[in-house]
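Right, one structure below, let's go through it.
The values are calculated or read from the model by the stated rules, or taken from the named source; none is laboratory data. As the structure is a prediction and not an experimental result, all values here were calculated from the model. Here the Cβ is made from the backbone with ideal geometry for all residues, glycine too, and neighbour counts use every protein chain on show.
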């Protein structure tokens with residue numbers, strides 16, 4: 001009996017040692033392919049420079065989606081397709097933009113039309129009108145005075161010159177602090193907001209709606225609004241609704257801070273500022289459906305092939321640049337991760353499925369639609385059969401910085417697993433596993449339904465200060481070595497998840513969010 005137990009224990013130890021050796025060998029192959037034979041920057045080039053801006057339902061997003069489908073097929077993935085997730089709304093793009101003030105002297109203005117705003121219907125010229133109004137009663141004084149005007153709504157912003165670099169990497173001390181317990185509600189991107197600040201913001205938004213309606217009724221030709229940023233960088237947004245039946249809006253330019261403040265100072269000093277502009281935008285409403293790019297490496301194990309490991313990032317972007325760090329970087333990394341796995345001839349036990357989401361920027365719509373179609377309803381927590389078949393979802397969407405670890409999103413049971421998986425990548429700077437949460441991107445769609453969804457910790461670099469939603473978010477802001485490192489680590493994580501005997505542990509299923517009876 002003792003002899004049999006000894007033999008059994010020895011055999012189990014032998015199998016474990018073989019598995020570890022095989023895993024180490026695969027990891028080294030992944031590192032070699034990912035770090036020495038990478039195609040990630042080639043992919044990033046096609047998603048940015050070639051495809052252009054990728055606003056939801058725009059021609060640029062369509063170009064990127066079609067290219068990604070063909071590229072994934074060329075890697076040998078199966079079931080590659082554009083999968084509809086639901087109705088989004090109208091697409092939009094800028095066909096032409098020019099603006100300059102011509103008096104007291106000529107100066108070309110750094111700016112961009114706000115998304116989903118209309119054209120000027122040809123070139124316009126006129127005097128810039130400084131319109132200071134802080135409340136609804138203030139608008140009465142401008143009644144009948146604004147028709148055909150170019151209106152500048154002033155700001156109280158003041159620029160502060162900085163001589164420090166915008167780019168930052170995590171220090172070892174900062175990474176160590178992430179592992180420490182965090183206060184309740186902490187760790188979310190954006191954090192908790194002060195109720196008084198939220199009330200002020202709500203009031204400002206309400207007045208903004210009233211102001212826009214007034215300017216439209218008065219027949220204003222063009223609105224100039226201040227855009228945060230400095231050193232020629234400005235951050236963009238939408239100025240109107242993308243809904244199929246949305247009411248028409250006014251042409252509106254989001255102007256860089258330096259140009260806006262120069263015009264404002266001249267106007268406050270009583271000087272005449274004259275301006276010319278020619279803006280041509282186009283709406284696309286033939287197909288209002290939103291699509292995700294989806295493809296698979298089928299599982300090879302008869303018992304596990306119906307289970308799925310997912311990875312993804314969002315393909316849509318804003319329109320003032322080419323959405324390189326937000327989030328062509330994440331999509332290029334995920335495409336590279338599946339390329340690495342296929343190029344090595346690996347045969348994952350579970351099916352590996354990549355998804356490139358659309359309309360993340362408007363509210364995680366692509367991933368939420370996908371989760372609702374495949375896995376269940378977040379509101380009622382009525383789950384579909386596929387819910388039990390998914391092991392984990394891995395996301396990348398925090399810029400071009402290299403991976404330094406992973407957020408557990410409160411799933412502490414996954415911590416020891418990920419700690420082991422990161423050990424071969426300590427030499428690449430990835431060591432941190434934190435129970436903290438991070439928000440603002442597509443892993444939340446999975447986490448909300450109790451599916452293990454994870455976002456990797458990335459060096460911030462200049463993501464929040466320079467590139468996120470800005471006119472500087474171009475291919476030049478990508479760091480090849482960082483993207484290679486990220487793709488290598490994610491390829492290993494995804495493959496390890498596919499090979500694991502058990503699925504990744506799950507947190508307690510969230511409660512239904514049914515409406516409260518009143």
### Task
Kindly provide the set of residues from the range 67-107 that are free of Cβ contacts under 8 Å to residues at least 12 places away in the same chain, within 26 Å of residue 321 (Cα to Cα) and in the same structural domain as residue 360 (by TED's automatic domain parsing), ordered by number.
70
### Task
Tell me, yes or no, whether the range 19-39 has at least one residue that is closer than 18 Å to residue 338 by Cα, at pLDDT below 95 and surrounded by 13 or more Cβ atoms within 10 Å (Cβ to Cβ).
yes
### Task
Report, by residue number, each residue of the range 82-115 that is loosely packed, with under 15 Cβ neighbours inside 10 Å and over 27 Å from residue 232 (Cα atoms).
87
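With the range 89-157 as the region, which strands (runs of 3 or more DSSP E) entirely inside it contain at least 3 residues that are more than 17 Å from residue 213 (Cα to Cα)?
Values: elements: 91-103, 111-113, 124-130, 150-152.
Hits in the range 89-157: 91-103, 111-113, 124-130.
Are any of the residues in the range 69-78 under 23 Å from residue 372 (Cα atoms), part of a helix (DSSP H, G or I) and modelled with pLDDT of 95 or more?
If we filter the range 69-78 for residues that are under 23 Å from residue 372 (Cα atoms), which is where we start, we get 69, 78.
Then keep just the ones that are part of a helix (DSSP H, G or I); that gives 69.
Now drop any that are not modelled with pLDDT of 95 or more, which leaves 69.
Yes.
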### Message
What's the total number of residues in the range 342-367 that are assigned to a helix (DSSP H, G or I), touching a strand residue (DSSP E or B) at 6+ places or on another chain (Cβ under 7 Å) and surrounded by fewer than 24 Cβ atoms within 10 Å (Cβ to Cβ)?
### Response
1
### Summary
Of the conditions (1) in contact with a strand residue (DSSP E or B) (Cβ under 8 Å, 6 or more places away or on another chain); (2) over 27 Å from residue 459 (Cβ atoms); (3) assigned to a loop (DSSP other than H, G, I, E, B), the single one that residue 379 does not satisfy is (1)
### Task
Working only within the range 123-138, note down all residues that are within 19 Å of residue 264 (Cα to Cα), out of contact with any strand residue (DSSP E or B) (no Cβ under 6 Å at 6 or more places or on another chain) and in contact (Cβ under 8 Å) with a residue 24 or more places away in the chain.
133, 134
### Query
Of the residues that make up the range 303-312, is at least one assigned to a loop (DSSP other than H, G, I, E, B) and surrounded by 24 or more Cβ atoms within 10 Å (Cβ to Cβ)?
no
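Find the helices (runs of 4 or more DSSP H) located wholly in the range 407-518 whose residues include 3 or more that are touching a residue at least 40 places away in the same chain (Cβ under 8 Å), surrounded by 23 or more Cβ atoms within 10 Å (Cβ to Cβ) and over 20 Å from the mean Cα position of the chain (by Cα), and list them.
On the way: elements: 415-422, 443-447, 480-499.
Per the criteria, 480-499.
Residue under question is residue 271, and the condition is that it be touching a residue at least 12 places away in the same chain (Cβ under 8 Å), within 25 Å of residue 158 (Cβ to Cβ) and surrounded by fewer than 19 Cβ atoms within 10 Å (Cβ to Cβ); does it hold? So that I can check it myself, show each step before the final result.
Values: touching a residue at least 12 places away in the same chain (Cβ under 8 Å): yes; within 25 Å of residue 158 (Cβ to Cβ): yes; surrounded by fewer than 19 Cβ atoms within 10 Å (Cβ to Cβ): yes.
So residue 271 passes the test.
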#### Entry: Pairs, first not assigned by TED's automatic domain parsing to the domain that holds residue 457 and loosely packed, with under 10 Cβ neighbours inside 10 Å in the range 160-183, second in a strand (DSSP E or B) and modelled with pLDDT of 85 or more, C-beta under 9 Å, six or more apart
180/434
### Query
What residue, among those in the range 219-248 that are more than 23 Å from the chain's Cα centre (by Cα) and buried (at least 18 other Cβ atoms within 10 Å of the Cβ), is nearest to residue 468 (Cα to Cα)?
226
### Enumeration of residues in the range 32-63 that are farther than 19 Å from residue 400 by Cα and assigned to a helix (DSSP H, G or I)
32, 33, 59, 60, 61, 62, 63
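Could you pull out the residue among 457, 504 that is closer than 28 Å to residue 28 by Cβ, outside the structural domain of residue 50 (by TED's automatic domain parsing) and in contact with a strand residue (DSSP E or B) (Cβ under 9 Å, 6 or more places away or on another chain)? If you could, list the steps in order and put the result at the bottom.
On the way: 457 fails: outside the structural domain of residue 50 (by TED's automatic domain parsing).
Result of the check over 457, 504: 504.
Okay, residues lined up against (1) touching a residue at least 60 places away in the same chain (Cβ under 8 Å); (2) in contact with a strand residue (DSSP E or B) (Cβ under 6 Å, 6 or more places away or on another chain); (3) in a loop (DSSP other than H, G, I, E, B):
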residue	(1), (2), (3)
229	yes, yes, yes
232	yes, no, yes
247	no, no, yes
258	yes, no, no
265	no, no, no
275	yes, yes, no
279	yes, yes, no
318	yes, no, yes
